[in-house]
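Participant: Just dropping this structure here.
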Amino acid sequence: MSGLPANPRLSYTQWSPDGSRLAFGNFTANGIELWVADVASAQARRVLPAVLNATWGTPFQWLPDGSGFLARRS
């Protein structure tokens, strides 16, 4: 997998509704980032900087059609 952050600390993994992508949170010193990895290309990219808020559980979820996310932000 290319594009992953250095020394990743991953959590909250979720498959997209069609199974083609994997979303995950990456814990950093500044907070939790949102990342997505495309399975076919094995390429990961950051979607949101360290702004996720996990105080009340999983800080994001896929939209039903897989076009994006609902995210709890700090």
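Participant: Please work out which one of (1) in contact (Cβ under 8 Å) with a residue 24 or more places away in the chain; (2) loosely packed, with under 12 Cβ neighbours inside 10 Å; (3) among the small types (Gly, Ala, Ser) is the condition Gly66 fails and give its number.
Facilitator: Only one criterion in (1) in contact (Cβ under 8 Å) with a residue 24 or more places away in the chain; (2) loosely packed, with under 12 Cβ neighbours inside 10 Å; (3) among the small types (Gly, Ala, Ser) is unmet by Gly66, namely (2).
Participant: For residues in segment 30-48 being part of a loop (DSSP other than H, G, I, E, B) and in contact (Cβ under 8 Å) with a residue 12 or more places away in the chain, which is surrounded by the fewest Cβ atoms within 10 Å (Cβ to Cβ)?
Facilitator: If we take residues in segment 30-48 being part of a loop (DSSP other than H, G, I, E, B) and in contact (Cβ under 8 Å) with a residue 12 or more places away in the chain, then Ala40 is surrounded by the fewest Cβ atoms within 10 Å (Cβ to Cβ).
Participant: List the number of the failed condition for Arg72; all other conditions in (1) open to solvent by 30 Å² or more (accessible area, probe 1.4 Å); (2) touching a residue at least 40 places away in the same chain (Cβ under 8 Å); (3) in contact with a Gly (Cβ under 9 Å, 6 or more places away or on another chain); (4) not polar (S, T, N, Q) hold.
Facilitator: Looking at each condition in turn, Arg72 falls short on (2).
Participant: Given the conditions (1) surrounded by 13 or more Cβ atoms within 10 Å (Cβ to Cβ); (2) part of a loop (DSSP other than H, G, I, E, B); (3) out of contact with any strand residue (DSSP E or B) (no Cβ under 6 Å at 6 or more places or on another chain), and given that Pro8 satisfies all but one, which numbered condition is not satisfied?
Facilitator: Result: Pro8 passes all but (3).
Participant: Which pairs have Cβ atoms under 6 Å, sit 6 or more apart or on different chains, and link a residue in segment 49-62 that is under 18 Å from Thr28 (Cβ atoms) and open to solvent by 60 Å² or more (accessible area, probe 1.4 Å) to one that is in a loop (DSSP other than H, G, I, E, B) and modelled with pLDDT of 95 or more?
Facilitator: No pair meets every condition.
Participant: A further question on this structure: Out of all the residues in segment 12-29, which are in contact with a Gly (Cβ under 6 Å, 6 or more places away or on another chain) and surrounded by 13 or more Cβ atoms within 10 Å (Cβ to Cβ)?
Facilitator: Those that are in contact with a Gly (Cβ under 6 Å, 6 or more places away or on another chain) and surrounded by 13 or more Cβ atoms within 10 Å (Cβ to Cβ): Tyr12, Ser16, Pro17.
Participant: Restricting to segment 7-52, name every residue that is aromatic (Phe, Trp, Tyr) and closer than 18 Å to Arg73 by Cα.
Facilitator: Tyr12, Phe24, Phe27, Trp35
Participant: Applying the selection to segment 31-52, what residues are over 20 Å from Pro64 (Cα atoms) and either modelled with pLDDT under 95 or small (Gly, Ala, Ser) (or both)?
Facilitator: Selection gives Gly31, Ala40, Ser41, Ala42, Ala44, Ala50.
The values are calculated or read from the model by the stated rules, or taken from the named source; none is laboratory data. The model shown is predicted, which means the values in this text are computed figures rather than measured ones. Backbone-built Cβ (ideal geometry, glycine too); neighbour counts: all protein chains shown. In case anyone asks, the SASA skips ligands and DNA or RNA and just uses the protein heavy atoms, side chains included. Shrake-Rupley method; radii C 1.70, N 1.55, O 1.52, S 1.80 Å.
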